[in-house]
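Participant: Before I ask anything, let me first share the structure, which is written out below as C-alpha cells.
Just so it is clear, none of the values below were taken in a lab; they were calculated from the coordinates. Bear in mind that the values here come from a model prediction, so they are computed numbers and not experimental data. Cβ coordinates were reconstructed from backbone atoms using ideal geometry, including for glycine residues, and neighbour counts include every protein chain displayed.
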Amino acid sequence: MPLWIPIVAAVMHLISILWLWLVIRDTRKFVDGQLWVVSDANAKLIQTSGLMWIKRLYTISIFLWIPISFIILYL
Amino acid sequence: MIHPKLDNDEKMVLALQDHWVTMVMPTFLFVIGLALATVVALAAFTLFPNDMTTRGVLLLISFGIGMLFTHWMFIYAFEHEISAWIITTKRVISFNFLPYVKHDVSFIIIKELHEIEKRKRGLVKNILNYGDVEVNLAATPTPVVFNYVPRTSAFCNLLETLHKKSDAEIDIEELKEHYFR
C-alpha cells in the first residue's frame, strides 16, 4: 500500500479529533454560561448528567475509529 | 442583551427537553451512514483485491463517511441534551443550542401570556404525546412557538396555572406532580 494512504488516514483522524475538541469546548462554554442563569440544583443535574455521557460516548467513538481504520487498512 | 438570571423570589419549576422523537432521524441516518461506510469498505475488498491504491482510496472514503456520520449524530445529541426550557415561577427560559451554529437564549414572562394554543396533529404526535405550543404575548404581534414539547397538555396547563396564580399560591411540588402524572 502506498505510504500516502495511511498518512491521509492519520490526517483525517487528527481533523476529527480537533473537531471533537472544538465541539466539546463550545458546548462547555454554552453550558457554563447557562448554569449561572439557573442556579437550581435540579437544573444543573438535568443539564449535566446526560451531557457527560454523551461527551464520553462521543470521545470513545471518535477514538475507536483510529484502531478500526488502521486495522482495516492493513488487512 | 438578554440577562435571564433568576430574581431572588423566582424559583425553578421544571426543566424540559425536546421530545426524544427529535433524535430518531439522526440515529436512523447514523445507522444508514455506518451501513454505507461498511458497503464501501466491503466493495473495496471484493472489487479490488490486488489494486492496493484503489482499495486504499475506497477505504479512506469509507472511513470519511463513517466519521462524518458519527460527528453528525453526536452534534445532534448535544443539541437534544442542551436545548431546553426552564420553567420558573415567573418565566419560561428557552435555550437553543447547536455547536457553532445556534447559541440562543430567550425568555417569555408568564404574566404577559395572552393566549396559549396547543397543536398536536397526526398519529405519531398523538401516540407519543408531543406537539407544538404557540404562545401569544400581549406585547408582541408574532407568537412564540415551542416545538416538540413532551406532554403538551400538561405543559399548557402548567403555563396557565403559573399565569393565573400569584407567587404565594404556587406550590412547585404540586405543579411537578401534576405535570408528570
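Participant: Could you list B:112, B:169 so that the one with the fewest beta carbons within 10 Å of its beta carbon is first and the one with the most is last?
Facilitator: Going from sparsest to densest Cβ surroundings: B:169, B:112.
Participant: What ranking of B:180, B:146, B:78 emerges when the number of other C-beta atoms within 10 Å of each C-beta is taken as an exposure proxy, fewest first?
Facilitator: Listed from fewest to most nearby Cβ atoms, that is B:180, B:146, B:78.
Participant: Could you tell me how far the Cα centroid of region B:131-155 sits from the Cα centroid of region B:61-116, in Å?
Facilitator: 16
Participant: Right, here's the next one. Would you please classify the overall shape of the protein assembly as shown from the alpha carbon gyration tensor, given that a ≥ b ≥ c denote the square roots of the eigenvalues, rounded means a/c under 1.5, and beyond that prolate means a/b larger than b/c while oblate covers the rest?
Facilitator: prolate
Participant: Once you charge only the Cβ atoms, +1 for Lys and Arg and -1 for Asp and Glu, what is the size of the charge dipole of region B:70-118 about its Cα centre, to the nearest 20 debye?
Facilitator: I would put it at about 160 debye.
Participant: OK, next. Looking at B:94, B:21, B:42, which one has the Cα that reaches farthest to the positive end of the dipole of the protein assembly as shown (charges on Cβ: Lys, Arg +1; Asp, Glu -1)?
Facilitator: After comparing all options, I get B:42.
Participant: So, one more: Give a residue-ordered list of calculated ³J(HN,Hα) values for region B:85-98 (Karplus: 6.51 cos²θ - 1.76 cosθ + 1.60, θ = phi - 60°; whole Hz; x for Gly, Pro).
Facilitator: Karplus values, whole Hz, x for Gly and Pro: 10, 9, 9, 10, 5, 10, 9, 10, 9, 10, 10, 10, 9, 9.
Participant: Provide B:13, B:135 in ascending order of the number of other Cβ atoms located within 10 Å of each residue's Cβ, fewest first.
Facilitator: Listed from fewest to most nearby Cβ atoms, that is B:135, B:13.
Participant: Right, another one. Taking just the alpha-carbon atoms of region B:42-181, what radius of gyration and Dmax come out, in angstrom?
Facilitator: Cα only, region B:42-181: 23.2, 79 Å (Rg, Dmax).
Participant: With charges only on Cβ, +1 for K and R and -1 for D and E, what is the dipole size of the protein assembly as shown about its Cα centre, in debye, rounded to 20?
Facilitator: Charge dipole of the protein assembly as shown: 520 debye, to the nearest 20.
Participant: Identify, among B:53, B:137, B:114, the residue whose Cα sits farthest towards the positive end of the charge dipole of chain B, taking +1 on the Cβ of Lys and Arg and -1 on the Cβ of Asp and Glu, with the dipole about the Cα centre.
Facilitator: Of B:53, B:137, B:114, it is B:53.
Participant: When a/c is below 1.5 the answer is rounded, else prolate if a/b is larger than b/c, else oblate, so apply that to region B:121-168 with a ≥ b ≥ c taken from the square roots of the Cα gyration tensor eigenvalues.
Facilitator: The shape class here is oblate.
Participant: Next question. About its Cα centre, how strong a charge dipole does chain B have in debye, to the nearest 20, once Lys and Arg get +1 and Asp and Glu get -1 at the Cβ?
Facilitator: For this selection, approximately 460 debye.
Participant: Would you tell me the mean number of C-beta atoms belonging to other protein chains that fall within 10 Å of each C-beta in A:9-16, as a whole number?
Facilitator: Mean shielding by partner chains, rounded to a whole number: 2.
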